[in-house]
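Visitor: Here's a structure for you.
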Amino acid sequence: MPRLAVIGHPVAHSRSPAMQNAALAALGLGEEWSYEAIDVAPEEFEARVRAMAAGGFAGVNVTVPHKLAALAMADIKSEMAREIGAANTLIFRARGIEAHNTDAGGLVASLPRSPRGQRALVLGAGGAARAAIWALGMEAVGVDIWNRTPARAETIRIEVAERARDLEVKIEVTAVQDGRDPGVDLDQSGYELIVNTTAVGLRDEDPFEHLPLRRDGFGPGQVVVDMVYGDRPSTLLAAAAAAGATTVDGIEVLVQQGALSFEIWTGQKPPLDVMRAAARA
Ligand code: ATR
């Protein structure tokens, strides 16, 4: 019986087991396959994954703080996972452990329309930001990065520019400063797509205090994505929606990355509506 799991630390609150088990059941795979959450400390990560690969598991999702370690230990790495420098999906094959990153594709799939040719602003410079920047960059949009600590945004910009040149893909990335800085203007209404990957909002912080955004700076025609999710719409998305922007929440991104992982493991397209309902229950 092929087992699947999400490995994190902590991981108890993950919505992935409910979502993935619902998808397995809907496709009639529920008797055969299963998906669980397993808390593994960083120092045990590699040994545990090797034991799982050897003992009944078909693959795993990997979440914070293991995404870099997951990529590092894999024998085969997808190009997207290599570029992003992190893996969220492993599949255990006869020829070795294969690493993928579905966070990037999941973000693009969650958008109501293709970001091709659009100007995007990514807030943050952590792991989630890297996936977003590569995903949007590959879709040929100009991407600006803002981060509270500007040096981290600049580091990503340089890295992406260098890798893109090596790969001969055109990715335009600019690090931008806070619009409140004298002489520098972050024109919020000039972006067709704004993606918040920062932790702001997780603990009920006011996004309009911590991020370079104005509550009244959104408008129709814009798409605003907030990776932070909870049981109600985030303050950021509520303001964007009130101003007529189209909003995408972190659960939709989670569902889309989970669907891509599901397809990698089972070779089947999962029912998105079933996954969505389970993730939101
Ligand atoms: P992840 O891998 O999930 O993206 P991370 O690497 O811890 O997580 O990154 C968290 C992001 O949220 C960072 O961009 C961080 O900004 P810094 O690089 O300046 O730390 C951002 N962040 C967290 N709290 C913030 C706050 N109060 N205001 C602005 N940005 C914040």
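The values are calculated or read from the model by the stated rules, or taken from the named source; none is laboratory data. Because the structure is a prediction, the values reported are computed rather than measured. Using ideal geometry, Cβ is built from the backbone for each residue, glycine included, and neighbour counts are taken over all protein chains shown. To get the accessible areas, we keep the full protein, side chains included, count just its heavy atoms, and leave off ligands, DNA and RNA. Shrake-Rupley method; radii C 1.70, N 1.55, O 1.52, S 1.80 Å.
Visitor: Which percent, nearest 5, of DSSP beta bridges in the range 78-230 are antiparallel? Numbers along the way, then the final one.
Guide: Numbers: 5 of 21 bridges.
Bridges in the range 78-230 that DSSP calls antiparallel: roughly 25 percent.
Visitor: What is the extension gain from A238 to R93, computed as 0.36 nm multiplied by their sequence separation minus the C-alpha to C-alpha distance, in nm to one decimal? Let's see the in-between values first.
Guide: On the way: separation 145, 0.36 × 145 = 52.20 nm, distance 4.35 nm.
That pair, A238 and R93, stretches by 47.8 nm at full extension.
Visitor: May I pose another question? Give the Kirkwood hydrodynamic radius (Å, one decimal) of the chain, defined as one over the mean of 1/r across all pairs of different Cα atoms. Don't skip to the answer; put the middle values down first.
Guide: Details: mean 1/r = 0.0516 Å⁻¹.
The answer is 19.4 Å.
Visitor: May I pose another question? If R0 is 41 Å, what FRET efficiency do you get for A25 and R203 from their C-beta distance, rounded to 0.05? Working shown, then result.
Guide: Numbers: r = 34 Å, r/R0 = 0.84.
After rounding to 0.05, the efficiency reads 0.75.
Visitor: Once fully extended, how much extra length lies between E162 and Q177, figured as 0.36 nm per residue of separation less the alpha-carbon to alpha-carbon distance? Intermediate results must be reported in sequence, preceding the final value.
Guide: Numbers: separation 15, 0.36 × 15 = 5.40 nm, distance 2.11 nm.
Gain on stretching E162 to Q177: 3.3 nm.
Visitor: GNM on the chain, C-alpha springs below 10 Å: top fluctuator among R48, R203, R148?
Guide: R203
Visitor: Full-extension gain between E263 and E44, please, as 0.36 nm times their residue separation minus the C-alpha to C-alpha distance. Don't skip to the answer; put the middle values down first.
Guide: On the way: separation 219, 0.36 × 219 = 78.84 nm, distance 2.76 nm.
Length gained between E263 and E44: 76.1 nm.
Visitor: Determine how large the accessible area of T266 is when every protein chain is in place; take a 1.4 Å probe and give Å² rounded to the nearest 10.
Guide: 30
Visitor: To the nearest µm²/s, what D does Stokes-Einstein give for the range 142-279 at 37 °C and 0.692 mPa s, using the Kirkwood radius over alpha carbon pairs as Rh? Kindly include the intermediate steps, with their values, before the conclusion.
Guide: Values: Rh = 16.9 Å.
Rounded, D is 195 µm²/s.
Visitor: What list of whole percents do you get for P(r) of the range 3-124, with Cα-Cα distances grouped in 5 Å bins up to the one holding the largest distance?
Guide: 2, 11, 19, 21, 20, 14, 8, 4, 2, 0
Visitor: If you don't mind, there's one more thing I want to ask. Using helices alone, what [θ] at 222 nm do you get for the chain, with -39,500 (n - 2.57) per DSSP H run of 4 or more residues, divided over all residues and rounded to the nearest 500? List each step's numbers first, then the result.
Guide: Working: 11 runs with 111 residues, N = 281.
Helix-only estimate at 222 nm: -11500 deg cm²/dmol.
Visitor: Explain nothing, just the number: relative contact order of the range 35-103, from Cα pairs under 8 Å at least 6 residues apart, as a whole percent.
Guide: In percent, rounded to a whole number, it is 29.
Visitor: Next up: Quick check: net charge around L167, other residues with Cβ under 15 Å of its Cβ, Lys/Arg +1 and Asp/Glu -1? Write down the numbers at each step before the final one.
Guide: Numbers: positive: K77, R82, R163, R165, K170; negative: E79, E83, E139, E159, E162, D166, E168, E172.
That sum, taken over residues with Cβ under 15 Å, equals -3.
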